[in-house]
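Participant: Quick one: the structure is below, questions incoming.
Each reported figure results from applying straightforward, stated rules to the coordinates on display, with no laboratory input. Model, not experiment: these values are computed from the prediction. For neighbour counting, all protein chains shown are included, and Cβ atoms are generated from backbone atoms with ideal geometry for every residue, glycine included.
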Amino acid sequence: MFIKMDAEGVIWPDGIKESIDSIIFATGFKPIIPYLYGVEGAVDDRGYAVQKGGVSSTVPGLYYLGLSGQRSFISATIRGVGSDAKYVVKHLKRSTRRSS
């Protein structure tokens with residue numbers, strides 16, 4: 001797992017920086033995302049992801065899966081994550097086409 005995220009990408013534990021266009025966090029029912037606390041706008045004052053439907057509302061290229069109530073009441077379940085994943089990937093593909 002990377003130790004830090006910035007505008008260009010991530011920094012790995014060995015100090016190597018890597019450019020990353022997109023990151024998808026499969027958070028699970030109770031997301032613990034302290035590595036995003038230093039990313040401006042990524043989380044609110046309660047530590048929750050600032051997102052809509054799994055797409056970050058504030059950090060371009062940041063996506064989530066498995067958040068409770070992400071798109072429906074079953075989003076944080078095996079049964080619900082599949083449709084949320086399709087939604088996120090569709091958004092990611094559109095975003096990637098625009099930037100190329």
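Participant: Starting from a Cα-only point model with no solvent, please compute log10 I(q)/I(0) by Debye for the chain at q = 0.11, 0.13, 0.15, 0.24 1/Å.
Facilitator: -0.33, -0.46, -0.61, -1.32
Participant: Another question about this same structure. Taking the Cα centre of the chain as the origin, how large is its charge dipole in debye, to the nearest 20, when only Lys and Arg (+1) and Asp and Glu (-1) carry charge on their Cβ atoms?
Facilitator: 640 debye
Participant: Before rounding to the nearest 500, sum -39500 (n - 2.57) across all DSSP H runs of length at least 4 in the chain and divide by the residue total; then give [θ] at 222 nm in deg cm²/dmol.
Facilitator: -7500 deg cm²/dmol
Participant: Considering only the chain, what is the antiparallel percent among its DSSP beta bridges, to the nearest 5?
Facilitator: Approximately 70 percent, going by the DSSP bridge assignments.
Participant: Using a 7 Å offset from the Cα along the Cα-to-Cβ direction at both residue 95 and residue 8, what is the distance between the two label points in nm, to one decimal?
Facilitator: Placing both labels 7 Å beyond Cα along the Cβ direction yields 2.1 nm.
Participant: Charges on Cβ only, +1 for Lys and Arg, -1 for Asp and Glu, centred on the Cα centroid of the chain; of 37, 78, 65, which one is farthest towards the dipole's positive end?
Facilitator: 78
Participant: Angle, helix 78-99 long axis vs. longest principal axis of the chain, Cα atoms, 0 to 90°, nearest 10?
Facilitator: 50 degrees
Participant: How large is ³J(HN,Hα), in whole Hz, for each residue of segment 45-60 in order, when computed from phi with the Karplus curve 6.51 cos²θ - 1.76 cosθ + 1.60 and θ = phi - 60°, using x for Gly and Pro?
Facilitator: My calculation for segment 45-60 gives 5, 9, x, 8, 4, 8, 7, 9, x, x, 9, 4, 7, 10, 10, x Hz in order.
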